[in-house]
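Bear in mind that the values in this text are calculations on the coordinates, not laboratory data. Remember, predicted model here, so these are calculated numbers, not experimental data. Virtual Cβ from ideal backbone geometry, glycine too; neighbours counted across all protein chains shown.
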Amino acid sequence: MKDSTRAVHGTAQENRQFRSLSPPLLRASTVVFDDVKSFESRGQALYDGYSYGLYGTPLTRRLEDSIAALESGTRSLLTPSGLAALTLTTMTFARPGSRILMSEAAYPPTRDMARVLMREFGVDTEFYDPCVGPIALLDDSVSLIWVESPGSMTFEVQDLPAIVTAAKAQGVIVAADATWGAMIGCKPLALGADISVQSLSKYPNGHSDVLMGSITVADVAHFRRLKDRSRLMGYGVGGDDVWLCLRGLSTLPIRYVRSAATAGILMDWCADWLGEERILHPSRTGHPGHALFQRDFTSGAGLFSIVIPLELSGRVPEAIAAMRIFQLGASWGGVHSLVATSDPRRQRPGLNWLVEGQVLRIAVGLEDPEDLIADLARFRESLLGPRKKTAEL
Ligand SMILES: *Cc1c(COP(=O)(O)O)cnc(C)c1O
């Protein structure tokens, strides 16, 4: 054997004496076959076997199987991002010439995908108020209903079982963006939805360093349609990211519960200061989603919003700058606590239940609650400024 051959083939033998507790990292483009017959029929391996790295490896299958189990689903498919999962689902199940019904509280890039991309494919989207729901809009021109419950800024919860019952009667698919529930707080497939989508970039990976999504279904026929479409669109995920996500998944339940518990402490503190109507999280009794949350969720995420009174809104940038632990950034579900400003009324003029003011979203990480409250106190002090000091004198 010459060096150039030796360099490629090495001497590595599979070591049957060594079995690691954690899965080995697996990266692959080419998959090799034992004989021409299995090579030439490799297309049949798309759904359950291995034919090419883009279509899956034992490592991606392992993550998909873990997610399917956590979602109470049958099969799961990984995508390069959460948004890719939402787009792939829509492109697979929205018929050209039909309509989609989508919550107007949906993740804004999801709304853009429907409005811009799907329009180009001859699919119209009607946005519905999540407090009212899509049932009255159902007719035979609808092919797909998107539910995002709760919405990730104002946190309205939807009556998913009722939507499913109405949709099934019309043969309409119901898909849920279930990123907030993160497979722990809520399981949409168990509530009857056909499809549950996760942004694994949030809690499931949980360390703000991987972008990935998943689509989980109850019906294997739906999985096959999604897998076919995924192949045609060239979607795939890299082994390193899958490995990181598997590692993240093993601590997902405890991270989720801890983040939610800390959020509860912070919300109580904020409610004492701002008043209950300025705390947006469906676990709060005054929130419009509270009754459905209690019925359909076992826990809420550590992601909520507060509404800063209008007369103080101008001071928010300065007050955020005074914080030392919370950082300013989009996304959530990681170990770091974050704040993000938002203006949900801009795209939702019908948002009439919401009290006036500047919406500030708070993503709670894994830091100690006392340190986070001290940081919120810095925010409050800066926000109230000299006015408060005068009042205290
Ligand atoms: C972040 C997010 C997405 C998109 O996920 P990416 O992995 O960042 O593409 C979709 N839906 C919700 C509710 C999200 O918060």
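Some values worked out for this structure:
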item: Stretch gain in nm, segment VAL257-ARG231, where the contour uses 0.36 nm per residue and the Cα spacing is subtracted; result: 5.8 nm
item: Sequence-distant residues sharing a close amide H with VAL123 (under 5 Å, placed H); result: GLY97
item: Cα-based helix-to-principal-axis angle, 369-392 vs the chain, degrees rounded to 10; result: 30
item: Distance between region 302-364 and region 19-51 - C-alpha centres, whole angstrom; result: 46
item: Sequence-separation-based contact order of region 212-293, relative, with Cα cut under 8 Å and 6+ spacing, percent; result: 12
item: Paramagnetic label zone (point 7 Å from Cα along Cα-to-C-beta, ALA322; backbone N under 16 Å) in region 278-313; result: 308-309, 311-313
item: Whole-angstrom gap from region 133-163 to region 262-286, using each part's C-alpha centre; result: 25
item: Gyration tensor (alpha-carbon) shape descriptor, the chain, a/c threshold 1.5; result: oblate
item: Proxy reagent accessibility, fewest Cβ within 10 Å first, across PHE326, PHE121; result: PHE121, PHE326
item: Label-to-label distance, nm, for residues given as THR74 and VAL116 (7 Å Cα→Cβ offset); result: 3.6
item: Rounded to 10°, Cα long-axis angle of helix 252-274 versus longest principal axis of the chain; result: 10
item: GNM result for the chain, Cα springs below 10 Å: residue of PRO317, PRO288, PRO150 fluctuating most strongly; result: PRO317
item: Dipole magnitude of region 12-155, debye to nearest 20 (Cβ charges: Lys/Arg +1, Asp/Glu -1, about Cα centre); result: 540
item: Likely footprinting exposure, ILE135, ILE306, fewest C-beta neighbours within 10 Å first; result: ILE135, ILE306
item: Count, lysine Cα pairs under 24 Å in the chain, 8 or more residues apart or across chains; result: 6
item: Gain upon complete extension [HIS207, VAL32; 0.36 nm per residue less C-alpha separation]; result: 59.6 nm
item: For PHE127, PHE304, order by how many other beta-carbon atoms lie within 10 Å, fewest first; result: PHE127, PHE304
item: Shape category assigned to region 186-252 from the gyration tensor of Cα positions, a/c cut at 1.5; result: oblate
item: 5 angstrom amide H check on THR179, placed H, neighbours 5+ away; result: SER199
item: Of SER41, SER382, SER196, the one that fluctuates the most in a GNM where the chain has Cα springs shorter than 10 Å; result: SER41
item: Among ALA182, ALA321, ALA84: highest mean-square fluctuation, GNM of the chain, C-alpha pairs under 10 Å; result: ALA321
item: log10 of Debye I(q)/I(0), alpha-carbon scatterers only, for region 285-393 at 0.13 Å⁻¹; result: -0.59
item: Backbone HN-Hα couplings from phi across region 353-368 [Karplus 6.51/-1.76/1.60, Hz, Gly and Pro as x]; result: 7, 7, 5, 5, x, 8, 7, 10, 8, 10, 9, 8, x, 10, 5, 5
item: Residues in region 357-371 reached by a label modelled at ASP343 [backbone nitrogen below 18 Å; 7 Å Cα→Cβ]; result: 357-361
item: Cut-off of 10 Å, at most 16 other beta carbons, DSSP loop: longest stretch of the chain lacking such GluC sites (Glu not before Pro); result: 15-355
item: Rounded to 10°, Cα long-axis angle of helix 239-250 versus longest principal axis of the chain; result: 50
